[in-house]
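The values are calculated or read from the model by the stated rules, or taken from the named source; none is laboratory data. Everything numeric in this text was worked out from a predicted model, so none of it was measured. Positions of Cβ are backbone-derived with ideal geometry, glycine not excepted, and every protein chain shown enters the neighbour counts.
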Amino acid sequence: MPGRCTLHVALLAALLLALAAPAARAHAAAGGRLSTALQAPAPAIGAGDAVVVDADGDCLRLRESPGLGGRVLECLDEGTTLTALYGAQSVDGLLWREVWGGGMHGWAAELHLRSAPPSLGCGGSATVPVGISGPDSFRAGLTVFVWGGGTVQGIHDAASARGCSPQTVWATAPDGSMVGYVFGAPSFVNRAWFDLFPGGRIGAPRALILRCSDGAVRITEASQVSVARAPVPLGSTAAPEVAASAAIVVDAASGAVLFEEDARRPLPPASLTKIATAIVAIEGTDLDAWVVSNVDATAMPDSSVMGLRVGDCFTVRDLLYGLLLPSGNDAALVLARYIAGGEDAFVDRMHAMLDRLRLGETGFIDPHGLGGDGHASSAYDLAMLTRYAMEIPEFREIVSTRLQTAHGSRTLHMRTGNYFLDRYVGADGVKTGFTEEAGPTFIASATREGQQLYAVVLNSPDRFTDAEQLLDWAFTSFDFP
């Protein structure tokens, strides 16, 4: 299909001109020419910094591409606050900074930008909203947007919630070339992307190009499916009886189910919901971004909380510890409102992630797990969700932590509610939960001699004993490759 391919290349080239720097061009303005010998100063502004237009009382021309010949998109008033993006190019003897603000993306001469004063008590004053900034909805084809930080998985889920089936995303490399990530492709296909973004995290706000297709594109295969062989039973040792309404044991390496009891029946998961909340937050945000709390934990009696007050400032990373260690319902609400603007929109993101992972026995109505009608998950889905989450380094580190101190506008000390970490040899995660409707719930992770297992127990009056007996049985009843 040469014609279709040529069209895509042409469209991409047009977008490239707007995002990547064109070659330095000569310019004549008002009968004069800027000296090409003038060297642009070293960048004084970094990606993600808030900047203010300082044009000596005049307006500042926001241009489609770097350089005085770039088409003027808008003339920004003196004092307008913008956010500096990743791009910075020297053209026509000036340093041009890629910026975003007021829903507009373009290039401005750094000469007429100055750093904005930091927001008091909250670490900074960046103005790029979390996640995707740009169109409210996506259609099939190519779209330019600004990504506030996170991973390609976060881009997938955020775009899916806006009606896109993501196919490919492109970013501009330092040399001006375009590097793409193909959703659903094996990791070796996307090697150049991970060379550009080590660890897969896009830390600074960036303008990206996304191609949406008409059909669903899954990216589970590249990150979750394993070629590891399943453990082999050693004999006929009977599995222990458990008090839980539903339970499962899964091998981390292969995903093989070693034990299950009513594991496909959706039941209330209580705070195990927060595993999904954490995945969406980790993949869809800059973990070092500062967040202002609009939740008062003192107004949540009889609820597990991090201890937030209205006006508190903590990083996303701090809030994740508060979400997963003390199981803070206040942290869940703050993260949901920060990431998606509200709980309902955040639940849409959670469902986009579940759909991507093909977990069809789960439905959430809130980010914390207090739940109600329709808020349920099966032990199988929770095990697979945990298996995916434990592949994320930041998640794995948090759920293995016993004590953590958050240094924000206040200092908060947090202790894990997962006492299994000190009770069971080899325990290294993950989460407890409880509501009157759900009963005690628990997901355990443990590793022995390099073999890792996950055990899920739902509605168990003795959840730690159930998990302990299931793990002991599984570790001794199977031959691990």
Practice task
Kindly indicate whether residue 376 is over 24 Å from residue 439 (Cα atoms) and either within 17 Å of the chain's Cα centre (by Cα) or touching a residue at least 12 places away in the same chain (Cβ under 8 Å) (or both).
Solution key: no
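Within segment 189-201, can you find the residues that are under 13 Å from residue 173 (Cβ atoms) and in contact with a Ser or Thr (Cβ under 8 Å, 6 or more places away or on another chain)?
Passing the criteria: only 194.
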Handout entry: Residue satisfying all of: in segment 169-183; under 23 Å from residue 47 (Cβ atoms) and part of a strand (DSSP E or B); farthest from the chain's Cα centre (by Cα) among these
Key = 178
Exercise for the section: Search segment 343-386 for residues being touching a Phe, Trp or Tyr at 6+ places or on another chain (Cβ under 6 Å) and assigned to a helix (DSSP H, G or I), and hand back the single one that is surrounded by the fewest Cβ atoms within 10 Å (Cβ to Cβ). Expected result: 347
Exercise for the section: Go through segment 139-154 and give me each residue that's of a type in the set (S, T, N, Q) and part of a strand (DSSP E or B). Expected result: 143
Practice task
Might you let me know whether segment 394-402 holds any residue that is surrounded by fewer than 18 Cβ atoms within 10 Å (Cβ to Cβ), touching a strand residue (DSSP E or B) at 6+ places or on another chain (Cβ under 6 Å) and either assigned by TED's automatic domain parsing to the domain that holds residue 305 or among the β-branched types (Val, Ile, Thr) (or both)?
Solution key: yes
Practice task
State which residue pairs qualify: first residue hydroxyl-bearing (Ser, Thr, Tyr) and inside segment 52-65, second residue at pLDDT below 90 and surrounded by 19 or more Cβ atoms within 10 Å (Cβ to Cβ) in any location, beta carbons under 7 Å apart, and separation of 6 or more residues or different chains.
Solution key: 65/18
Fill in the blank from the handout: Output for Cβ contacts, cut-off 7 Å, separation at least six or different chains, first residue free of Cβ contacts under 8 Å to residues at least 12 places away in the same chain and in the same structural domain as residue 170 (by TED's automatic domain parsing) in segment 74-98, second of a type in the set (Val, Ile, Thr) and in a loop (DSSP other than H, G, I, E, B), reads none
Fill in the blank from the handout: Log entry, pairs with first residue in segment 180-205 being farther than 23 Å from residue 84 by Cβ, second being surrounded by 17 or more Cβ atoms within 10 Å (Cβ to Cβ) and among the basic types (Lys, Arg), beta carbons closer than 7 Å, six or more apart or on different chains, reads none
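Yes or no, residue by residue, for (1) at pLDDT 85 or above; (2) assigned to a loop (DSSP other than H, G, I, E, B); (3) over 21 Å from residue 49 (Cα atoms); (4) in contact with a Lys or Arg (Cβ under 9 Å, 6 or more places away or on another chain):
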residue: 122; (1), (2), (3), (4): no, yes, no, no
residue: 127; (1), (2), (3), (4): no, yes, no, no
residue: 135; (1), (2), (3), (4): no, yes, yes, yes
residue: 156; (1), (2), (3), (4): yes, no, yes, yes
Problem - Test: residue in segment 453-471 that is assigned to a strand (DSSP E or B), surrounded by fewer than 18 Cβ atoms within 10 Å (Cβ to Cβ) and in contact (Cβ under 8 Å) with a residue 24 or more places away in the chain - result: no
Practice task
Evaluate segment 409-417: report whether one residue or more is within 20 Å of residue 320 (Cα to Cα), assigned to a strand (DSSP E or B), in the same structural domain as residue 272 (by TED's automatic domain parsing) and charged (D, E, K, R).
Solution key: yes
